[in-house]
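Asks: I am attaching a structure below and will ask some questions about it afterwards.
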Amino acid sequence: MIKRSAEPLLWMTFSAGGVVAALVLPVLLFLFGVAFPLGWLTPPSVTHLAAVIGHPLTRLALVVVCTVSLFHAAHRFRYTLYDGLQIKHLNELIAILCYGGAVVGSLASVYLLATF
Amino acid sequence: MAHIAEHYTEYHPRWLRPHISTYWWLRKWSYFAFILREISSLFVAWSVVYLLLLVYAAGQGAAEYEAFLEWSRQPWVMALNVSSLALVAFHAVTWFNLAPQALVVHVGHKHVPGSLIAASNYVAWVVVSAIVAWLLIGG
Amino acid sequence: MQKQIKLQVARYRPEQESESVFDEFEVPCPNDWVVLDGLNHIKDQLDGTLSYRWSCRMGICGSCGMTVNGEPKLTCATFLTDYAPGPVRVEPLRNFPVIRDLIVDLGDFMQKLVRVKPWIVRAAEKPLSSGEYLQTPEEMDEYKQFSMCINCMLCYSACPIYGLDPKFIGPAAIALAQRYNLDSRDEGAAERLEVLSDHEGIWGCTFVGECTKVCPKNVNPAGAIQRYKLNAALESVKSFFLPRGA
């Protein structure tokens with residue numbers, strides 16, 4: 001159930017996530033999703049990558065990137081379902097699935113990076 | 001289903017209220033671009049999942065990491081990632097272009113022009129991308 | 001021989017039709033004729049029963065908005081020759097109930113407009129003897145753009161969100177709320193925020209941006225709504241950390 005007072009907070013995470021996702025995700029997708037698999041560039045060795053990820057600042061940054069990006073996606077997709085498919089009457093179910101997914105993903109990122 | 005606020009409908013049964021098609025966003029290009037921009041959210045979510053899979057693999061050691069890189073070369077994974085890159089980049093461009101609409105900055109009595117705010121977003125994009133790339137494959 | 005163009009005009013006569021139908025008319029198409037001139041020609045010469053609204057013919061009154069070839073337009077500012085060789089399809093504004101032919105009911109907007117208090121709200125009025133509320137040109141520039149709205153409803157007609165959810169308060173009403181919020185003489189921002197921070201207020205908007213594209217007065221309602229969202233979000237954070245009066 002979405003209380004009205006939650007809307008500004010959800011919009012703030014949507015916006016923060018929109019900025020972070022726009023700044024950080026394209027380069028990561030380009031490298032690990034396109035350039036390395038196609039052999040355009042050589043991927044980093046596992047020791048180098050683990051050292052980069054293992055740095056406390058990187059870990060913190062990655063948790064923030066994952067959390068706010070997932071809440072951004074959840075919020076936007078929730079409204080896409082309302083607008084695109086006209087299923088606003090399923091409001092509560094949709095909200096639970098979208099934000100619930102974001103919470104699960106965020107917890108997974110916290111766990112992964114805390115134990116890295 | 002479109003229905004207009006109750007208070008004045010019941011007394012006017014003869015008014016014509018056309019129904020909005022579920023596929024209204026196919027009616028013109030700008031509506032379709034809007035829904036495409038909103039659908040980018042799914043690909044943002046996938047990007048995060050992919051990133052977490054990478055982090056997991058890198059944490060497990062060389063063998064898992066190699067397996068991840070091998071898996072990332074599979075055609076369907078590549079196809080998914082190429083479309084994700086396209087849509088996440090579309091998200092970035094639309095986001096930066098629209099940022100000046102929400103963010104109106106004053107310096108003294110003057111408005112900072114929207115184009116300058118958008119431009120500073122693009123500069124930040126280049127800088128962040130360069131830092132991330134340098135961390136991973138530079139130094 | 002005078003150039004002609006074909007107009008396909010949506011008709012809805014509730015006493016004889018349950019769906020709208022199109023009537024076709026050939027009208028003259030000189031370079032200086034707008035769609036509204038075509039409709040006036042039909043009404044005067046061809047079919048006096050055609051119903052539509054118009055008044056000033058110069059983009060000020062905001063009453064001649066219609067859907068021309070699928071796009072919301074002021075028919076007094078839309079030239080027939082731009083659609084040559086035709087045909088030109090003229091329909092009532094979308095997203096509103098049609099009363100007859102090209103006439104829609106705007107009652108819903110009128111109710112919403114009042115809710116955002118589009119007038120200067122003061123905590124306490126100054127006595128007349130202490131003079132006017134003064135304002136510098138810079139202070140006026142802050143809101144001037146949003147004050148150009150002529151309530152023509154093209155933005156509501158272009159907004160899919162309003163079409164899908166008529167409870168959404170809509171572009172023009174929010175832009176007009178912002179016009180008063182940004183006015184240095186006004187003190188009603190908190191009262192308006194109460195109405196607009198509702199789910200059917202600003203949060204329903206997903207920034208399709210069509211309202212700004214179709215606005216004949218460059219009001220930029222989409223921009224007004226996004227600014228308002230940022231402002232409302234910051235206000236709610238502020239009230240969370242600094243409850244009441246801080």
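The values are calculated or read from the model by the stated rules, or taken from the named source; none is laboratory data. In this text, all values refer to a predicted model and were calculated from it rather than measured experimentally. Every residue, glycine among them, receives a Cβ derived from its backbone with ideal geometry; neighbour counts consider all protein chains shown.
Asks: The conditions are (1) surrounded by fewer than 20 Cβ atoms within 10 Å (Cβ to Cβ); (2) not in a helix (DSSP H, G or I), and C:E194 fails exactly one of them. Which is it?
Replies: Here C:E194 meets the rest and fails (2).
Asks: For segment C:63-92, give me the residue count where each residue is among the polar types (S, T, N, Q) and more than 17 Å from C:C155 (Cβ to Cβ). Spell out the reasoning first.
Replies: First, pick out the residues of segment C:63-92 that are among the polar types (S, T, N, Q): C:63, C:67, C:69, C:75, C:78, C:81.
This time we only want the ones that are more than 17 Å from C:C155 (Cβ to Cβ), so: C:69, C:81.
Within segment C:63-92, residues that are among the polar types (S, T, N, Q) and more than 17 Å from C:C155 (Cβ to Cβ) number 2.
Asks: Looking for whichever is under 19 Å from B:F43 (Cα atoms), in a helix (DSSP H, G or I), at pLDDT 95 or above and more than 9 Å from chain B (Cβ to nearest Cβ) here; the options are A:V110, A:V64. Which one fits?
Replies: Working: A:V110 fails: under 19 Å from B:F43 (Cα atoms).
Just one listed residue meets the conditions, A:V64.
Asks: Check B:A118 against each of (1) of a type in the set (G, A, S); (2) surrounded by 16 or more Cβ atoms within 10 Å (Cβ to Cβ); (3) closer than 21 Å to B:L52 by Cβ and name the one condition it does not meet.
Replies: Looking at each condition in turn, B:A118 falls short on (3).
Asks: Restricting to segment C:107-160, and then to whatever is basic (K, R) and in contact with a helix residue (DSSP H, G or I) (Cβ under 8 Å, 6 or more places away or on another chain), can you tell me which residue is nearest to B:H109 (Cα to Cα)? Even if it seems obvious, please write down each step before you answer.
Replies: Residues of segment C:107-160 basic (K, R): C:112, C:115, C:117, C:122, C:126, C:144.
Imposing the further condition that a residue be in contact with a helix residue (DSSP H, G or I) (Cβ under 8 Å, 6 or more places away or on another chain) reduces the set to C:112, C:115, C:117.
On the way: C:K112: 33, C:R115: 31, C:K117: 27 Å.
Ranking the candidates gives C:K117 first.
Asks: Follow-up question, since we're still on this one. Among the candidates A:L49, A:L60, A:L93, A:L107, single out the residue that is more than 19 Å from B:S40 (Cα to Cα) and surrounded by 17 or more Cβ atoms within 10 Å (Cβ to Cβ). Steps first, please.
Replies: Numbers: A:L60 fails: surrounded by 17 or more Cβ atoms within 10 Å (Cβ to Cβ); A:L93 fails: surrounded by 17 or more Cβ atoms within 10 Å (Cβ to Cβ); A:L107 fails: surrounded by 17 or more Cβ atoms within 10 Å (Cβ to Cβ).
After ruling out the rest, the residue left standing is A:L49.
Residues are listed down the side, and each one gets a yes or a no for (1) closer than 23 Å to C:L164 by Cα; (2) assigned to a helix (DSSP H, G or I); (3) among the aliphatic types (A, V, I, L, M); (4) at the interface with another protein chain (Cβ under 9 Å from one of its Cβ atoms):
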{"residue": "A:A74", "(1), (2), (3), (4)": "yes, yes, yes, yes"}
{"residue": "A:G84", "(1), (2), (3), (4)": "yes, yes, no, yes"}
{"residue": "A:I94", "(1), (2), (3), (4)": "yes, yes, yes, no"}
{"residue": "A:L97", "(1), (2), (3), (4)": "yes, yes, yes, no"}
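Asks: Can you run down the residue pairs with Cβ atoms below 6 Å, 6 or more apart or on separate chains, where the first is in segment C:126-137 and within 15 Å of C:S184 (Cβ to Cβ) and the partner is assigned to a loop (DSSP other than H, G, I, E, B) and at pLDDT 95 or above?
Replies: If the second residue must be assigned to a loop (DSSP other than H, G, I, E, B) and at pLDDT 95 or above, the pairs left are C:Y133/C:R185; C:Q135/C:S184.
Asks: Answer yes or no: is there a residue in segment B:97-104 that is within 26 Å of C:I225 (Cβ to Cβ), more than 15 Å from the chain's Cα centre (by Cα) and outside any helix (DSSP H, G or I). Show your work before the answer.
Replies: First pass over segment B:97-104, keeping only residues within 26 Å of C:I225 (Cβ to Cβ): B:97-104.
If we keep only those that are more than 15 Å from the chain's Cα centre (by Cα) too, we end up with B:100-104.
If we keep only those that are outside any helix (DSSP H, G or I) too, we end up with B:103-104.
Yes - at least one qualifying residue is present in segment B:97-104.
Asks: In segment C:78-124, what residues are assigned by TED's automatic domain parsing to the domain that holds C:C159, over 22 Å from the mean Cα position of the chain (by Cα) and either crowded, with 18+ Cβ neighbours inside 10 Å or in contact (Cβ under 8 Å) with a residue 24 or more places away in the chain (or both)?
Replies: Scanning segment C:78-124 gives C:V121, C:R122, C:A123.
Asks: Then there is this: Among the residues of segment B:51-85, what is the count of those that are within 9 Å of chain A (Cβ to nearest Cβ), within 16 Å of A:V63 (Cβ to Cβ) and under 25 Å from the mean Cα position of the chain (by Cα)?
Replies: Number satisfying all stated conditions: 5.
Asks: Turning to a different aspect of this structure: Of the residues in segment A:20-46, how many are crowded, with 19+ Cβ neighbours inside 10 Å and under 20 Å from the mean Cα position of the chain (by Cα)? Talk me through it step by step, then tell me what you get.
Replies: Quick first cut of segment A:20-46, residues crowded, with 19+ Cβ neighbours inside 10 Å only: A:20-33, A:36-37, A:43-44, A:46.
Checking which are under 20 Å from the mean Cα position of the chain (by Cα) leaves us with A:20-33.
The number of residues fulfilling the criteria is 14.
Asks: Could you check segment A:79-113 and list, in sequence order, the residues that are under 17 Å from the mean Cα position of the chain (by Cα) and small (G, A, S)?
Replies: Hits for segment A:79-113 are A:A95, A:G100, A:G101, A:A102, A:G105, A:S106, A:A108, A:S109.
Asks: Here are some conditions: (1) free of Cβ contacts under 8 Å to residues at least 12 places away in the same chain; (2) more than 8 Å from every other protein chain (Cβ to nearest Cβ); (3) over 28 Å from B:W76 (Cβ atoms). A:M12 meets all but one. Which one does it not meet?
Replies: Here A:M12 meets the rest and fails (2).
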